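Only one structure is covered here, and it is reproduced in the block below.
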Ligand code: PRT
C-alpha cells in the first residue's frame, strides 16, 4: 500500500493534513501513532520528523512525502520533487551582527559560522571559494554570535523577526524553500498511477487556492475591452442582464494579478464586482 509521510508535529503538520483533506484524503487522527489508515485514498500515512523524512523516503520506508525542500537539500537525498506546495515558505540565509562589515560572501573568509545546515552551507561556500569554519548546532542558532560562538549564522528565516530580535542582519540568501511533494524514485514506478492521481488532486487544489472566480456587471459596449483585461481560462462567460445594455461577465483571475486586474476593470466601467474563492480547479 502507498505510504505517505508527513511531519509528526511542527510547522508543516496542519497544512499537510489540510492539503490531504482538500484532496479528499481524510487522515484518521492518531497524532501519537506512527502509522494511520486514511479514507478516500488507498494509502496509509506515516507521521515522522521532518528532518528524518528524506532518509525514510530514500530508503523506501515511505513512498511519498510532504516535506520542506530545505531538508532534502541538506540531507542530499536522492528523491524526486514532484510539486511545490506553496506553504512553509522560508529561506536559508547568512546573517551577521548589525553594523559588522560585510561586502559580499568573501567577507566571511576565515570566520566562524554557526548552522544546523552544514552541508548546504559548505556547498555554498565552496561554490564561492570561501573558506570558513562551520559550527554545527542543532537549535537556537541565532544566539551564537551573542555568546561568542560564531561571527555569523546560517539559518532559516521567514518573517525575519528572530534575526531582528537578536540584533542580526540578513546578508545573503543561500536557498529558498517551501513544502513540497517528494517521492522515492522506485515508488514512482511501482505506484505510478496512484501517485499521479494524488498529484492530479493536489494540482486541482493548489490551482483553486491560487485563483479567484470573478463576476461583474459591464455595459455591453465595454465587454470587448474588459475581456482583454482578463487572463481567462478559455474565454469569459457573458450573461445578459435584465437592465438594457448591460451584461454580467464571469471569469477566473490569479491571486497574483488580482489587484491590478480589479483596478483596470474599474477604470473600464465594471460595477458590482464580486470575487469568490475557488475550491478546486481542473483544467
Ligand atoms: O522535528 P522535525 O524534524 O519534524 O522538524 P523541525 O524541528 O525542523 O521542525 P519545524 O516544524 O520547526 O520546521 C519544519 C520546516 O518548516 C522547516 O524544515 C522548513 O522547511 C519550514 N520552515 C518555514 C521553517 C521556518 N519557516 C522557520 N522560520 N523552519 C524553521 N523556522 C525557524 C528558524 O529556524 C528560526 O529559528 O523560525 C525562526 C525564524 O523565523 P522568523 O519568522 O523569525 O524569521
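Quick note: the coordinates plus some simple rules give every number you see, no bench work behind them. Keep in mind the model is a prediction, meaning the values are calculated, not measured. Note: ideal-geometry Cβ built from the backbone for every residue, glycine included; neighbour counts use all protein chains shown.
Take every Cα pair under 8 Å in the stretch 132-229 that's 6+ residues apart, average their separations, divide by the length, and report that relative contact order as a whole percent. Don't skip to the end; give the middle numbers.
Working: 22 pairs, mean separation 12.0, N = 98.
Over the stretch 132-229, the number comes to 12 percent.
The calculated FRET efficiency for the pair residue 143 and residue 11, based on their C-beta separation and a Förster distance of 25 Å, comes to about 0.80. Working from Cα pairs under 8 Å separated by at least six residues, relative contact order for the stretch 21-168 is 19 percent. Across the stretch 211-277, the relative contact order, built from alpha-carbon pairs under 8 Å that are at least six residues apart, equals 52 percent. For the chain, the equivalent ellipsoid derived from the alpha-carbon gyration tensor has semi-axes of 43, 29, 15 Å in decreasing order. Estimated from helical segments only, the mean residue ellipticity of the chain at 222 nm is -8000 deg cm²/dmol, where each DSSP H run of four or more residues counts as -39500 (n - 2.57).
After finding the eigenvalues of the alpha carbon gyration tensor for the stretch 211-277, what semi-axes result from the square roots of 5 times each, listed largest first in whole Å?
Values: eigenvalues 67, 28, 23 Å².
Those come to 18, 12, 11 Å.
Annotation for residue 59 and residue 109: the two label points, set 7 Å from Cα along the Cα-Cβ direction, are 4.2 nm apart. Between the stretch 136-191 and the stretch 89-104, the C-alpha centres lie 12 angstrom from each other.
Under 13 Å from a label point set 7 Å out along the Cα-to-Cβ vector of residue 128, the amide N atoms of the stretch 84-106 belong to 92-96, 102-106. Volume per residue for the stretch 90-176 equals 82 cubic angstrom (convex hull of Cα atoms). What FRET efficiency do you get for residue 222 and residue 254 if R0 is 22 Å and r is their Cβ-Cβ distance, rounded to the nearest 0.05? So the FRET efficiency works out to roughly 0.50.
Protection proxy ranking for 246-259, 176-189, 127-140, using the average of other Cβ atoms within 10 Å per residue and placing the highest first: 176-189, 246-259, 127-140. Length gained on full extension, residue 28 to residue 1, computed as 0.36 nm times the residue gap minus the Cα-Cα distance: 8.1 nm. Separation of the stretch 240-283 from the stretch 41-56 is 41 Å, based on Cα centroids.
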